[in-house]
1. Angle, helix 16-48 long axis vs. longest principal axis of the chain, Cα atoms, 0 to 90°, nearest 10?
2. Over the chain, with the other protein chains present, what is the accessible area per residue in square angstrom, probe 1.4 angstrom?
3. Using only Cα atoms, what is the ratio of the radius of gyration of segment 52-92 to 2.2 N^0.38 Å?
4. Starting at the first residue of segment 53-70, write each ³J(HN,Hα) from the Karplus equation 6.51 cos²θ - 1.76 cosθ + 1.60 with θ = phi - 60°, in whole Hz, x for Gly and Pro.
5. I need the fraction of alpha carbon pairs in segment 71-149 separated by more than 21 Å, rounded to a whole percent.
6. Diagonalise the Cα gyration tensor of the chain and give the resulting equivalent ellipsoid semi-axes, square root of 5 times each eigenvalue, largest first, whole Å.
7. Which value, in debye to the nearest 20, describes the size of the charge dipole of the chain about its Cα centre when Lys and Arg Cβ atoms bear +1, Asp and Glu Cβ atoms bear -1, and nothing else is charged?
8. Heavy atoms only, probe 1.4 Å: what % of the accessible area of the chain goes to carbon and sulfur, would you let me know?
Amino acid sequence: MDERMDARTDGRVETEEERADRRWQELIQEIRVAQTGVQILLGFLLTVVFTPLFQDLQQTDKTIYIVTVVLGSLATGALIGPVSFHRIVSGRRIKPHAVVWASRLTFTGILLLLATLTSALFLILRVATHDPYVPWLVSGVLVWYLSCWFALPLWVRARYTSGADGG
């Protein structure tokens, strides 16, 4: 039996291992983008507590800050997780499974990054303006994130694929 899979609609002919290698490389490129953003954001968040004005914040704002830092830490862990995962299972001939689990960690990291960005924006606008429209503005930005990160890709996937995996 030929080890190669049948050509899919995208014209690729690859073994399960070749597909796993390709998907791993694509995943690592995606992680680099998200990882950099979350690490920079977390770095800035970690310094806030050491500023003189932090002690003057209301308890509610301090709570929002703590939640934001925890979310950022969780996002960082989930987005760095695939690298550690790959290192630990490398050479065990289970790359297709590793890609699936690393992809799940990455998606979890993206969800946590979404929560971190929303929480950080809420805190910053709340402290900077004290205006009652802040929750509405943050909700609008959250809808924008959801549209860009999830709704548009899901719409494109539904519109332009015929049910084949293609991934």
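1. 10 degrees
2. Accessible surface, normalised per residue, equals 66 Å².
3. Ratio of Cα Rg to 2.2 N^0.38 Å: 1.87.
4. 6, 4, 5, 7, 5, 5, 4, 4, 5, 5, 5, 4, 4, 4, 4, 5, 5, 5
5. Within segment 71-149, distances greater than 21 Å cover 44 percent of Cα pairs.
6. 40, 20, 9
7. It comes to approximately 160 debye.
8. In the chain, the share of accessible area belonging to carbon and sulfur is 65 percent.
The values are calculated or read from the model by the stated rules, or taken from the named source; none is laboratory data. Since this is a predicted model, take the numbers as computed values, not measurements. With ideal geometry, Cβ positions are generated from the backbone for all residues, glycine too; neighbour counts draw on all protein chains shown. These accessible areas exclude ligands, DNA and RNA; they are computed on the full protein's heavy atoms, side chains included. Shrake-Rupley method; radii C 1.70, N 1.55, O 1.52, S 1.80 Å.
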